[in-house]
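Presented below is the structure to which this report refers.
The values are calculated or read from the model by the stated rules, or taken from the named source; none is laboratory data. This structure is a prediction, so every number in the text was calculated from the model and none was measured. Neighbour counts run over all protein chains shown; Cβ positions are idealised from the backbone, glycine included. Calculation scope for accessible area: heavy atoms of the full protein, side chains included, ligands and nucleic acids excluded. Shrake-Rupley method; radii C 1.70, N 1.55, O 1.52, S 1.80 Å.
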Amino acid sequence: MSSYSITEPSRRQKWFAGVLVVLYALITILPLVWIIGTSFKTPSDAIAYPPKTFFTPTVEGYVNVFTTRTRLTEEQLQAVGEPQTWYDRLVRKDGLVISGPSRFAERFTNSVIIGFGSTVLCIVLGTAAAYAFSRFKVPLKDDLLFFILSTRMMPPIAVAIPIFLMFRSLGLSDTHAGMILLYTAVNLSLSVWLLKGFIDEIPVEYEEAALIDGYTRFQAFYKVVLPQAATGIASTAIFCLIFAWNEYAFAVLLTSGNAQTAPPFIPTIIGVSGQDWPAVAAGATLFLVPVMVFTILLRKHLLRGITFGAVRK
Amino acid sequence: MAQIRIQNVRKEFGAFTAVRSSTFTIEDGEFFMLLGPSGCGKTTTLRMMAGLELPTSGEIFIDGEEVGMKPASKRDIAFVFQMFALYPHMNVRKNISYPLVSQGMKREEVKTRVQEVARILKIENILDRPVGGLSGGDRQRVALGRAIVRQPKAFFMDEPLGALDAEFREHMAEELRALHDRMGATTVYVTHDQLEAMQMGDKIVVMNHGVVEQFGKPQQIYDWPATKFVAQFIGSPSMNFLDFEGMIGIGGKSVDLGEAKIEVPAAREGRAGKLTLGVRPEHVRFATESAYRGRVTAVEYLGTTQIVTLRSSHGDLKARIPSDRPVREGELVGLAFDARTLSLFDAETGKALRSDANDGVLGHG
Ligand SMILES: Nc1ncnc2c1ncn2[C@@H]1O[C@H](COP(=O)(O)OP(=O)(O)OP(=O)(O)O)[C@@H](O)[C@H]1O
Ligand SMILES: [Mg+2]
């Protein structure tokens, strides 16, 4: 009989766990792969049946998502002359010319401004509130915390109509500031609660040591607490960003011309020139990139246990 | 360098009183021990002195200046926390230099000061290591380094050796004391270990339930405990208590425990009723002629001495006697006490009665 350890999993257990993880990863990643694949197909490949696993990639979808195109007659095409750029040439095959940029870039920028803006605001306000709740005697602390959490006890969209009316009378409809405020309001309770948990975990002795070392309370907070709350701040930021980034219902309701974000815009691509699935897929793929980059950048904070037991042991 | 005076300091947490009206003085350059069992308010007292906690009432003077309203950062003191509280996101060098950086000291000077401190504490080789992987002893040294680098008026240490194992504690205790002797800065040291307090301290305050029980030099406190609590808390095995009903008048030199007449230091205050005679184990002798007798119930051999537990008519007691005297369990022996070393307590209040021997050292501050 071979000896075995109760803490170290056996080889078979490891193998089984490995298979499970890979399977799960495959299942979750498949839709993503499909979307990214579709974004590089031609419209006809995209709707081919049976579906094409192998195809000649094209960036037509990406060109289409950024442009509007018009169909011209032969004479008109002659009048326009030879296509000048690679993307002109690409659409000319189908007898189209690029008539101008689409609004995708603009909507995408809106998403970035509103998503990151509300995330930053959420983190700043959330950290300050969480620190206060964690370290100071706040009157009615428990009731306040409960109240803060209770704002999430129904879906935010349930109060869409009051918010719609409120935004209209405050002149916040279809503004960046309005959307940033709205997403911050929705995310703040989560942010306060998550961050309070993380700050509670940081021993108060660190700040006291800093106070005694001659720093003000704010400096102690800034130089000692913040670096150690980095893990919590990073994960909270990711949650806040993902919510604000993906939010669809409020964006449809409250924005149209000026501050519309990408989520309500992407489906509208479908109508531009027939069912342009590759363009939709290209929009969706591009839309994924910022959140993915943000998450990957912060990943090292998520994984690194920052305390390393410097207080205890 | 500083004298620290605590006057009628009191601290309440809601309805709970952690410290009741403490008064004592720490002289300049003293190694001062705050001693007491867990939860007696040592840490709270120290934190009030450091400015991390506001007293509910009372005054704290550092160098004659009332500091009650002064924030910790302005008191020019250093604090060594029980768990060290090294900044985990900084390496050893940064940790030590952190207090200097806050003063806006020049880079070069910070560097020399840190180097100097590292040399004193023998941690030059770990200066660039992160604090995470350090051993307990090294962490302790880094925490000390962070404290001494600033050359503050006073050092406050909250059970700084509490996180170390027994063997290493002793070693660090010696190092600490040597460091203090070399720097001569006022040091306030919190511990619940009476041995540590006796070994290291110039002076000790013994606290219990938020009350200062006694305040004085280790030897005085050991020899002449002001209360039964102190008598029991200090010394191992602790002082024997023999309870009896009796009386002693002013100038009285003996008490009667049943048949036996036992000589005590001349009393300066009289009392009648329930009394307790306190005698340290090392002051109990076997004396065949003595009228006070006890039966041996246990013997514990300790090398040169042995601890003999006896049952007597006024309670159990322990005697520390040389091990060359053979002792059998069940043996009935006569017991004599060294008259100059005995204490009498009022059994109800637990307070020691004043006598010629202990007068003047029963200070409650
Ligand atoms: N912030 C606080 N709020 C409420 N009670 C407190 C607070 N700090 C301390 N106490 C209480 O005050 C009493 C004294 O605490 P303190 O920490 O001073 O004890 P200590 O003598 O240092 O004990 P230990 O040896 O366990 O460290 C304890 O009963 C503790 O529960
Ligand atoms: Mg304590």
Can you find even one residue in the range B:116-130 that is more than 29 Å from the chain's Cα centre (by Cα) and more than 22 Å from B:LEU179 (Cβ to Cβ)? yes
Residues satisfying the stated conditions in the range B:51-60, i.e. surrounded by fewer than 22 Cβ atoms within 10 Å (Cβ to Cβ) and touching a Ser or Thr at 6+ places or on another chain (Cβ under 9 Å): B:GLU53, B:THR56, B:SER57, B:GLY58
Name the single residue that is farthest from ligand 1 (Cβ to nearest atom) among those in the range B:200-216 being surrounded by 19 or more Cβ atoms within 10 Å (Cβ to Cβ), part of a strand (DSSP E or B) and aliphatic (A, V, I, L, M). B:ILE204
Among (1) within 13 Å of chain A (Cβ to nearest Cβ); (2) assigned to a loop (DSSP other than H, G, I, E, B) - the single one B:LEU100 does not satisfy: (2)
Looking at the range B:275-317, which of its residues are in contact (Cβ under 8 Å) with a residue 24 or more places away in the chain, assigned to a strand (DSSP E or B) and farther than 19 Å from B:VAL255 by Cα? B:PHE286, B:ARG295, B:VAL296, B:THR297, B:ALA298, B:VAL299, B:ILE307, B:LEU310
B:PRO37: passes all of (1) within 16 Å of ligand 2 (Cβ to nearest atom); (2) over 23 Å from the mean Cα position of the chain (by Cα) but (2)
Answer with yes or no whether A:PRO278 is assigned to a helix (DSSP H, G or I) and not aliphatic (A, V, I, L, M). yes
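This table checks each residue for (1) within 14 Å of another protein chain (Cβ to nearest Cβ); (2) out of contact with any helix residue (DSSP H, G or I) (no Cβ under 8 Å at 6 or more places or on another chain); (3) crowded, with 19+ Cβ neighbours inside 10 Å.
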position	(1), (2), (3)
B:VAL92	yes, no, yes
B:VAL110	yes, no, yes
B:VAL131	yes, no, yes
B:ILE148	yes, no, yes
B:LYS153	yes, yes, no
B:LEU161	no, no, yes
B:ARG75 versus (1) in contact with a Gly (Cβ under 8 Å, 6 or more places away or on another chain); (2) within 26 Å of B:MET172 (Cβ to Cβ); (3) away from chain A (no Cβ under 12 Å): which is the lone unmet condition? (3)
Residue under question is B:ASP138, and the condition is that it be surrounded by fewer than 23 Cβ atoms within 10 Å (Cβ to Cβ) and either over 18 Å from the mean Cα position of the chain (by Cα) or more than 16 Å from ligand 2 (Cβ to nearest atom) (or both); does it hold? yes
Go through (1) within 16 Å of ligand 2 (Cβ to nearest atom); (2) within 14 Å of chain A (Cβ to nearest Cβ) and name the single condition B:ASN208 misses. (2)
What are the residue pairs meeting all of these: first residue in the range A:281-298, first residue within 19 Å of A:ARG107 (Cα to Cα), second residue open to solvent by 60 Å² or more (accessible area, probe 1.4 Å) and assigned to a helix (DSSP H, G or I), Cβ atoms under 7 Å, and 6 or more apart or on different chains? A:ALA281/A:ILE35; A:ALA284/A:ILE35; A:THR285/A:ILE35; A:THR285/A:ILE36; A:VAL291/A:ILE242
If you go through the range B:53-69 one residue at a time, how many are over 19 Å from B:VAL19 (Cβ atoms) and either charged (D, E, K, R) or within 16 Å of ligand 2 (Cβ to nearest atom) (or both)? 2
If you take the residues in the range B:13-50 that are open to solvent by 30 Å² or more (accessible area, probe 1.4 Å), away from ligand 1 (no atom under 12 Å from the Cβ) and in a strand (DSSP E or B), which one is nearest to the other protein chains (Cβ to nearest Cβ)? B:THR25
I want to confirm something. Restricting to the range B:173-199 and keeping residues that are part of a strand (DSSP E or B) and within 18 Å of B:GLN140 (Cα to Cα), which single residue is farthest from ligand 1 (Cβ to nearest atom)? B:THR187
Checklist (1) among the aliphatic types (A, V, I, L, M); (2) open to solvent by 50 Å² or more (accessible area, probe 1.4 Å); (3) closer than 30 Å to A:THR295 by Cα applied to A:ALA79, failing item: (3)
B:ALA173 is checked against (1) touching a strand residue (DSSP E or B) at 6+ places or on another chain (Cβ under 8 Å); (2) closer than 17 Å to B:LEU34 by Cβ; (3) at pLDDT below 90; (4) away from ligand 2 (no atom under 16 Å from the Cβ) and fails just one. What number does that condition carry? (1)
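Scanning the range B:340-365 for residues that are outside any loop (DSSP other than H, G, I, E, B) and open to solvent by 30 Å² or more (accessible area, probe 1.4 Å), which turns out nearest to B:ALA226 (Cα to Cα)?
B:LYS351
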Leading residue by the ranking (farthest from the other protein chains (Cβ to nearest Cβ)) among those in the range A:198-253 that are among the aromatic types (Phe, Trp, Tyr) and either touching a residue at least 40 places away in the same chain (Cβ under 8 Å) or buried (at least 18 other Cβ atoms within 10 Å of the Cβ) (or both): A:PHE250
Only one of B:PRO88, B:PRO99 is in the same structural domain as B:PRO218 (by TED's automatic domain parsing) and modelled with pLDDT of 90 or more, namely B:PRO99
Whether any residue in the range B:252-259 is assigned by TED's automatic domain parsing to the domain that holds B:GLY334, polar (S, T, N, Q) and either under 19 Å from B:THR349 (Cβ atoms) or at pLDDT 95 or above (or both) is what I want to check. no
For the subset of the range B:235-271 comprising residues that are of a type in the set (S, T, N, Q) and assigned to a strand (DSSP E or B), which member is most open to solvent (accessible area, probe 1.4 Å)? B:SER254
